[in-house]
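Contents: one structure, followed by commentary.
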Amino acid sequence: MDNRGDSFVAVRRTTLHGETCNSNSAEAVAGSAAWLGRSLSCVCVQRRDSDASSFFDLTLAQEECLQRLQRRIHVPYDSSIIEHQEALRALWNAAFPEEELRGLISEQWKEMGWQGKDPSTDFRGGGFISLENFLFFARNFPDLLWKREGDRSVWEYPFAVAGVNITFMLVQMLDLEAVKPRTLVGATFLKFLEENESAFDLLYCIAFKLMDHQWLSMRASYMDFNTVMKSTRRELEKELLQEEVLRLEDLPSYKLLSR
C-alpha cells in the first residue's frame, strides 16, 4: 500500500522468490486490493519511518516460518479448487450451523456481510489465507459470528468484508512480503511465529475482536470504518512492542477473545 497523506492507494502484490518451505504449497501470484474500492477504501499503511532490518538477523527457523507464511499469503482464492470450495462451505456451517447453504453462489451470503451473492469476489482481494483466517476464527472463537442480542443485534459493519480487510492489514503491518521485515513490529512477530505456527491466525482473531470492541466503544457508523481500522492497527502495533509481551497471549487485547 502507498501512503500519500491521508489517502490510501491499493497496489498489487509482487511475486516472491526463493521459498523453501514444505506446507500449503502454492504458486506465488499477484493479488489485488481493488476489491476494497466498491464500498470501503483501504486502511493499510506501510510505515517506513526506519528500516529495522539492518538491526537484526533471522534465525533459520524464523526464515522457514516466514517463507511458509508467505507461501500461504500468495495462494489466490480459486473457486474451481475443491479444497477452497470445502473451506467456504465450512465457513458457512460455522456461522450458520442450523441453516443449510443452498449454493456457493447464493443470496444467503449477504446475511454474513458479503457484498454480493458470490463471496469469492471478495476473497480474490485477500487470497485463500483470508478464508483460512476466517475459518480459524469461526472454529476457535465463534461468538462474534453469532452475535444476536443487545447492541450487537445487527451487523454494524460489513462483517465478512471487514475480515478480509484485517488479513490484508496484518500482512502490511507486519511487512510479511519482504525478504525479512523492515519494521520492529514485523521482527517481533517473527519471534511469536517461530514458537507458534498458528501465530498469524491467532493474531487475526485478536485483531478482529479488537476491531469489533473499538467499533462498539466508539459507537461507530459505517462511514467510520477506516477510522476504526486505523485505530485497531495503532493499538496492535503498540501492544506488540511492549516489553512484557513475550507471546501473543500476553497482548492486552488477547483477553477480548474470552469475552
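Quick note: the coordinates plus some simple rules give every number you see, no bench work behind them. Keep in mind that this is a model prediction, so the values were computed, not measured. Don't worry about glycine lacking a Cβ; one is built from the backbone with ideal geometry, like all the others, and counts go over all protein chains shown.
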Using the per-residue mean of other Cβ atoms lying within 10 Å as a proxy for protection, in what order, highest first, do the peptides 63-71, 100-108 fall? 63-71, 100-108
Quick check on region 102-233: what does the Kirkwood estimate of hydrodynamic radius come out to from the alpha carbon pairs, in Å? 15.7
Mind ranking 157-168, 216-227, 75-86, 184-195 by how tightly packed they are, going by the mean number of other C-beta atoms within 10 angstrom, highest first? 157-168, 184-195, 75-86, 216-227
Pop out the ³J(HN,Hα) list for region 91-101 in order, Karplus 6.51 cos²θ - 1.76 cosθ + 1.60 with θ = phi - 60°, rounded to Hz; leave Gly and Pro as x. 5, 4, 5, 6, 7, 10, x, 9, 10, 6, 7
